[in-house]
Amino acid sequence: MGGGQGVAEDSDLEKSESASPRRLEQAREEGQVPHSRELATFISLMVGVVALYVLGRWGGHRLMDIMKTGLSLPRSLAFEPGAMGRMLENLAGDALLTIAPLLIATVVAALVTPFLVGGWVFTTKVLRFDLTRLDPLQGLGRMFSTHGLVELVKATLKAVLVAVVGVWVVWRERDHLFALMHQPLATSMDDFASLVLLSALLIVASLALIAAIDVPFQLWEYHRRLRMTKEEVRQEMKEQEGDPQIKARIRAAQREMSRRRMMSNVPTADVVVTNPTHYAVALKYDPEKAGAPIVVAKGMNAIAMNIRELARDNNVPVLEAPPLARALYAHCELDEMIPSALYTTVAEVMAWVMQLNHWLAEGGLPPEEPSGLAVPDGMDPGPGED
């Protein structure tokens, strides 16, 4: 028995359950989202290389012109105070405009990349001072953890991959490189720039392999860290659903509020149909709002008695029609029209109500209460305890 109980406790403490939506939401509020630095590095570098390729000869020639202008100073400006400062300002502005597309492209890439894995998160909780981050033992634990081992493998693989691709590009273009020494300076510079861009593009493209490995690992590691024990799952469900006793009190309060709201509609009803003791249903007919009478209140036993008393106190007609009362109670919901099967029977009741109101207003002979009101087969659930 003791051994079985110990195994059960161990299973409850083991993080074997996937993170719940609430746990993921809390982690996001804490600034914990999956992210891949390798994917961000790859996209930023690739966008930068592509931007350099698009700028191409225009950007290179423009920067060369800026450099030539900066290294040459006309004699007329040598003796003019402030000339060099204005010249430096102009050259800096030109250089900034030249590289602006590259800067904008890389910044946009850096901002967009988080959307691919995890999304943006704005929180100040990650800025809180935490002494545990300074714990050397925890630092060593992170270094020799699975995550640290994977980071080491990625760094090694990245270095080997970049070296292999770089050596392959140089070996492939060795004849081209040696030929540059025999070309004019302007031509050789263009060819050399194209060769550098090609090499950079191939090296950066090789990093896609690292990113393709890193993204699934980061997602797996993120969800592994947030896994929950069975006890945590039970506790979270209890917190979300609430204490059963509190929920019961809330439901009771809601029922009481609903009953009071229903009872407040009885004084405005046109008629209350009873059976005569166990059921009571209050009806109201407004042709401008509905095509048929609406049930504004209904109840049985004590609630039915309260409806009858409230109707009499407010001079609402009360009609004893047991089959109709039972049918209305069984087949009608609050604030809904009566079913079409009861239209004919209820029409007799509403006609009597109109005659009664006319008699109360004008006098004369009082109308006779309708008797023997029948309902269609299957609508009356039966007298029960009547």
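The values are calculated or read from the model by the stated rules, or taken from the named source; none is laboratory data. If you're wondering where the values come from, they're calculated on a predicted model, not measured in any experiment. All Cβ positions, even for glycine, are placed from backbone atoms using ideal geometry, and neighbour counts span all protein chains on display.
Computed quantities for the displayed model
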| read-out | value |
| --- | --- |
| Out of ASP214, ASP190, sole residue that is closer than 30 Å to ARG22 by Cβ and in a helix (DSSP H, G or I) | ASP214 |
| Every pair of residues 6+ apart whose Cβ atoms lie under 8 Å, when the first sits in the stretch 193-208 and is farther than 15 Å from ARG174 by Cα and assigned by TED's automatic domain parsing to the domain that holds ALA159 while the second is part of a helix (DSSP H, G or I) and among the charged types (D, E, K, R) | LEU207/GLU38; LEU207/LYS158 |
| Among (1) of a type outside the set (A, V, I, L, M); (2) over 25 Å from ALA374 (Cβ atoms); (3) at pLDDT 80 or above - the single one ASP243 does not satisfy | (3) |
| Every residue from the stretch 349-373 that is closer than 18 Å to THR274 by Cα and surrounded by 13 or more Cβ atoms within 10 Å (Cβ to Cβ) | VAL349, MET350, TRP352, VAL353, LEU356, GLU369, PRO370, LEU373 |
| Where TRP171 falls short, out of the listed (1) modelled with pLDDT of 85 or more; (2) over 30 Å from TYR53 (Cα atoms); (3) surrounded by fewer than 11 Cβ atoms within 10 Å (Cβ to Cβ) | (2) |
| Check on TYR329, under 49 Å from the mean Cα position of the chain (by Cα), part of a helix (DSSP H, G or I) and farther than 17 Å from TYR285 by Cβ | yes |
| Of the criteria (1) outside the structural domain of GLY31 (by TED's automatic domain parsing); (2) of a type in the set (Val, Ile, Thr); (3) under 41 Å from the mean Cα position of the chain (by Cα); (4) crowded, with 17+ Cβ neighbours inside 10 Å, which one ILE250 fails | (4) |
| Residue identified as surrounded by fewer than 13 Cβ atoms within 10 Å (Cβ to Cβ) and either under 34 Å from the mean Cα position of the chain (by Cα) or at pLDDT 80 or above (or both) among GLY148, GLY119, GLY166 | GLY119 |
| Selection count, the stretch 32-90, where residues are part of a loop (DSSP other than H, G, I, E, B), of a type outside the set (Asp, Glu) and exposed (fewer than 12 other Cβ atoms within 10 Å of the Cβ) | 5 |
| Qualifying residue in the stretch 258-276 (condition: of a type in the set (Lys, Arg), surrounded by 13 or more Cβ atoms within 10 Å (Cβ to Cβ) and out of contact with any Lys or Arg (no Cβ under 9 Å at 6 or more places or on another chain)) | yes |
| Boolean, GLN235 is farther than 30 Å from PRO370 by Cα and surrounded by 11 or more Cβ atoms within 10 Å (Cβ to Cβ) | yes |
| Candidate set: the stretch 174-199, residues that are more than 45 Å from the chain's Cα centre (by Cα) and among the polar types (S, T, N, Q); chosen: the one modelled with the lowest pLDDT | THR187 |
| Qualifying positions in the stretch 317-335 - closer than 27 Å to HIS358 by Cα and not hydrophobic (A, V, I, L, M, F, W, C) | PRO317, GLU320, PRO322, PRO323, ASP335 |
